[in-house]
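Asker: Got a structure for you, written out below as structure tokens; questions coming shortly.
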Amino acid sequence: MVTDPHSILCDRVLKRVVEGDAESSPALRRAAFEGAGLSPDLKPLIDKVHAHAYLVSDEDVATVQDAYGDDALFEIIVCASLGASHQRLQAGLNALADA
């Protein structure tokens with residue numbers, strides 16, 4: 001079994017970002033983190049962040065900016081980014097454990 005030496009700190013950061021006080025709701029940030037349960041207007045952007053973040057454009061953000069506002073949208077995108085990276089980290093640790 002491979003353990004992440006930074007897991008305690010990582011878990012604290014994730015909890016604070018996803019569940020802490022913010023402009024957007026914890027439920028919405030959790031959905032962005034998990035990449036599931038999103039509203040139809042937000043799903044394409046968050047799917048792109050999870051799969052191909054380097055392809056996200058100003059136009060992608062602009063399509064939902066009026067609906068969510070700058071601060072809330074920043075929080076949502078950060079949660080999606082953290083969720084995608086956390087999934088990749090877990091996949092990597094699992095691959096090492098299976099090796």
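The numbers here are math on the coordinates, done by the rules we state, and not lab data. For clarity, every value in this text was computed on a predicted model and none was experimentally measured. Because the Cβ atoms are built from the backbone with ideal geometry, glycine has one as well, and the counts that use them run over all protein chains shown.
Asker: Taking the stated definitions as given, is LEU55 more than 25 Å from ASP4 (Cβ to Cβ), loosely packed, with under 11 Cβ neighbours inside 10 Å and among the aliphatic types (A, V, I, L, M)?
Answerer: yes
Asker: Every residue in segment 12-28 that is acidic (Asp, Glu) and under 14 Å from the mean Cα position of the chain (by Cα), please.
Answerer: Correct list: GLU19 only.
For (1) under 30 Å from ALA99 (Cβ atoms); (2) surrounded by 13 or more Cβ atoms within 10 Å (Cβ to Cβ), each residue gets a yes or a no:
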position	(1), (2)
ASP4	yes, yes
ASP21	no, no
SER25	no, no
ARG30	no, yes
LYS43	no, yes
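Asker: Taking GLU75 and the conditions (1) surrounded by 11 or more Cβ atoms within 10 Å (Cβ to Cβ); (2) charged (D, E, K, R); (3) not in a helix (DSSP H, G or I), which numbered condition does it fall short on, given that it satisfies the others?
Answerer: It is condition (3) that GLU75 fails.
Asker: Additional query: Filter segment 64-87 down to the residues that are among the β-branched types (Val, Ile, Thr) and more than 26 Å from ASP4 (Cα to Cα) and list them by number.
Answerer: Answer for segment 64-87, where residues must be among the β-branched types (Val, Ile, Thr) and more than 26 Å from ASP4 (Cα to Cα): just VAL64.
Asker: Restricting to segment 33-55, count the residues that are over 16 Å from PHE74 (Cα atoms), touching a helix residue (DSSP H, G or I) at 6+ places or on another chain (Cβ under 7 Å) and of a type in the set (A, V, I, L, M).
Answerer: 1
Asker: For a quick check of your reading of the model, give me the residue pairs whose first member lies in segment 59-73 and is touching a residue at least 24 places away in the same chain (Cβ under 8 Å), whose second is outside any helix (DSSP H, G or I) and of a type outside the set (Val, Ile, Thr), with beta-carbon atoms closer than 6 Å and at least 6 apart or on different chains.
Answerer: ASP71/GLU23; ALA72/GLU23; ALA72/SER24
Asker: Turning to a different aspect of this structure: Considering only residues that are in a helix (DSSP H, G or I) and in contact (Cβ under 8 Å) with a residue 60 or more places away in the chain, which ones fall in segment 1-12?
Answerer: CYS10
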